[in-house]
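Engineer: Structure incoming, see below.
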Amino acid sequence: MDDKIEVVRREALDAIAAAQSMDELQQVRIQYLGKKGSIQALMGVMKSLSKEEKPAFGQKVNLCKQEVTDAVAQRQKQLEAKELAARLVDEKIDITLPGDNITTGSMHPLFMIQQQLEDLFIGMGYKVAEGPELEQDHYNFELANIPKDHPARDMQDTFYVDPNTLLRTHTTAMQMRELEKARGETPIKLICPGKVYRRDDDDATHSHQFMQCEGLVVGENVTLADLKGTLEFMANRMFGEGRTIRFRPSYFPFTEPSVEVDVSCPFCNGKGCSVCKGSGWIEILGAGMVHPHVLEMNGFDSEKCSGFAFGVGLERVAMLKYGIDDIRNFYTNDLRFLKNFDRFD
Ligand code: DAH
C-alpha cells in the first residue's frame, strides 16, 4: 500500500516539476489534487484496509497530499516569476529611443487672414461670395466702368486668354457679378475673397498672383461714413485695438468718390518708424462709393440707393500683421517660413 502512495507522490512531484506554464500546472493540479484525482483515489483504497491499518495509511495519504499541494504552490510561484520576467522583456520600452516625430501641417498665413476677415464680416451680417478666377472682360472691366479704351486698363496688366477672357485682375469682378445677380434688389452686404492675377514682375512687393478681399454694401442711405466706420472696425480687429484710419482722395473708375485708406501704424502707434517711413500711417486698401453709373449699368436706381465698396490685399495685411518683408514667401512653399504660423490660431 505504501508503495502505491509513493508512486503517486513521485509521479505528482515529477509532473509538477515538469510543468512549464500556469496552464500545464493547473492540469497537473487537477490530475492529482482534484476531486477525481489520483490522491483522492488513494483515500478510496482505505475501505479495503483493516481497522488497524487505516489511521497510518490515512496519515500518509494526507502527508502526500500536503506535500503535493505545497509543491504546486511553489511551482506556481516559480512559473509566475518566469512569466513576469518574460513579459518584462517582451514589453520593454526603451525610453532613450528618440520619439516619433509627428509632423502636422499648419494654416497658410494668407488663409488665416482670409478666415479672420470672413469671421469679422460674417459677424456684421455679411455674406461670403465666390467666383471664377478665369473671368470675362465684361465683369472684370466693362461693368466696372472701365471700357476698352479706358486708360485704367493700363494700371492692371492683364493675363488675357483670348480678347474676352482673362485671369481676373481684381475681386471687383465679383462685385460686378453680384450686383448683376441682385437685379436691382437691395440690400446687398457681402465680401468676396479670392486670388487675382497681374502681369507684374515678381519682387519683394509684387507677385503675379496675389489675393484680395472685396467688400460691397448697397442699400438705402449707405454713406461714406458707413464705409469709414466699417473699415475702422476692420482695422481694429486686424491690427489691434486703438487703430485709427484716414481717407485720402484717390481715383478708381468704379467708385465716386474714391479713397485710399491708411491705418495708423501698428508698430509705432502712429509716432513714425521705419515701417511707416516716419509718416505714422500705412496704406492698406482702396475704397469708395459705388459709382452711380456702375449701379445703373447693373440695373439699380442710383437715385434710390447707394453703396460702398473696398478692396484689400491679403498679402499686405499679412505682411504688416506678421512682419513679413517679402511677398514671394507666400508662394514659394518654404516649410521654414510656413512653419512659423502653426503657433497662431
Ligand atoms: N479693385 C481695386 C484694385 O485692385 C481695389 C478697389 C478699390 C476695390 C476701390 C474696390 C474699391 O472695391 O471700391 O486696386
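The values are calculated or read from the model by the stated rules, or taken from the named source; none is laboratory data. Just so it is clear, the structure is predicted and the values come from calculations on it, not from any experiment. A quick note on method: Cβ atoms are made from the backbone with ideal geometry, for glycine too, and the neighbour counts reach across all protein chains shown.
Engineer: Quick one: in segment 166-196, of everything that is in a loop (DSSP other than H, G, I, E, B) and surrounded by fewer than 17 Cβ atoms within 10 Å (Cβ to Cβ), which residue is nearest to the ligand (Cβ to nearest atom)?
Structural biologist: If we take residues in segment 166-196 being in a loop (DSSP other than H, G, I, E, B) and surrounded by fewer than 17 Cβ atoms within 10 Å (Cβ to Cβ), then Pro187 is nearest to the ligand (Cβ to nearest atom).
Engineer: Specify the residue that is modelled with the lowest pLDDT; the eligible residues are those in segment 258-293 that are assigned to a loop (DSSP other than H, G, I, E, B) and among the hydroxyl-bearing types (Ser, Thr, Tyr).
Structural biologist: So, considering only residues that are assigned to a loop (DSSP other than H, G, I, E, B) and among the hydroxyl-bearing types (Ser, Thr, Tyr), the one modelled with the lowest pLDDT is Ser274.
Engineer: Follow-up question, since we're still on this one. Select from segment 143-155 the residues that are surrounded by 13 or more Cβ atoms within 10 Å (Cβ to Cβ) and touching a helix residue (DSSP H, G or I) at 6+ places or on another chain (Cβ under 8 Å) and list them in ascending order.
Structural biologist: Leu143, Ala144, Asn145, Ile146, His150, Arg153
Engineer: Could I ask something else about it? Counting just the residues of segment 301-345 that are among the hydroxyl-bearing types (Ser, Thr, Tyr) and outside any helix (DSSP H, G or I), which one comes out farthest from the ligand (Cβ to nearest atom)?
Structural biologist: Per the stated criteria, the residue is Thr332.
Engineer: Scan (1) closer than 18 Å to Phe300 by Cβ; (2) free of Cβ contacts under 8 Å to residues at least 60 places away in the same chain; (3) out of contact with any helix residue (DSSP H, G or I) (no Cβ under 8 Å at 6 or more places or on another chain); (4) not aromatic (Phe, Trp, Tyr) for the single condition Gly184 breaks and write down its number.
Structural biologist: Failing condition for Gly184: (2).
Engineer: Continuing with the same structure: Counting only residues that are crowded, with 19+ Cβ neighbours inside 10 Å, more than 10 Å from the ligand (Cβ to nearest atom) and closer than 17 Å to Gly311 by Cα, how many does segment 208-224 have?
Structural biologist: As a first pass, look at segment 208-224 and keep what is crowded, with 19+ Cβ neighbours inside 10 Å: 210-218, 222.
Of the ones still in play, those that are also more than 10 Å from the ligand (Cβ to nearest atom) are 211, 217-218, 222.
Add one more test, that the residue is closer than 17 Å to Gly311 by Cα, and what stays is 211, 217-218.
Matching residues across segment 208-224 total 3.
Engineer: Is there any pair linking a residue in segment 299-328 that is without any contact (Cβ under 8 Å) to a residue 12 or more places away in the chain to one that is β-branched (Val, Ile, Thr) and more than 12 Å from the ligand (Cβ to nearest atom), with Cβ under 7 Å and at least six apart or on different chains, and which?
Structural biologist: Met319/Ile327
Engineer: Restricted to segment 142-165, and to residues that are touching a residue at least 60 places away in the same chain (Cβ under 8 Å) and of a type in the set (A, V, I, L, M), which residue is nearest to the ligand (Cβ to nearest atom)?
Structural biologist: Of everything passing the filter in segment 142-165, Ala144 is nearest to the ligand (Cβ to nearest atom).
Engineer: Can you work out which of the residues in segment 236-288 that are surrounded by fewer than 16 Cβ atoms within 10 Å (Cβ to Cβ) and of a type in the set (S, T, N, Q) is nearest to the ligand (Cβ to nearest atom)?
Structural biologist: Result: Ser250.
Engineer: Report, by residue number, each residue of segment 148-165 that is of a type in the set (A, V, I, L, M) and either at pLDDT 90 or above or assigned to a loop (DSSP other than H, G, I, E, B) (or both).
Structural biologist: Matches in segment 148-165: Val161 only.
Results for (1) assigned by TED's automatic domain parsing to the domain that holds Glu315; (2) under 25 Å from the mean Cα position of the chain (by Cα); (3) away from the ligand (no atom under 16 Å from the Cβ); (4) assigned to a helix (DSSP H, G or I), shown as yes or no for each residue.
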site: Ile102; (1), (2), (3), (4): no, yes, yes, no
site: Gln114; (1), (2), (3), (4): yes, yes, yes, yes
site: Glu118; (1), (2), (3), (4): yes, yes, yes, yes
site: Glu135; (1), (2), (3), (4): yes, no, no, no
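Engineer: List every residue pair whose Cβ atoms sit under 9 Å apart, with the two residues 6 or more apart in sequence or on different chains, where the first one lies in segment 34-51 and is assigned to a helix (DSSP H, G or I) and the second, anywhere, is surrounded by fewer than 10 Cβ atoms within 10 Å (Cβ to Cβ).
Structural biologist: Qualifying pairs under 9 Å: none.
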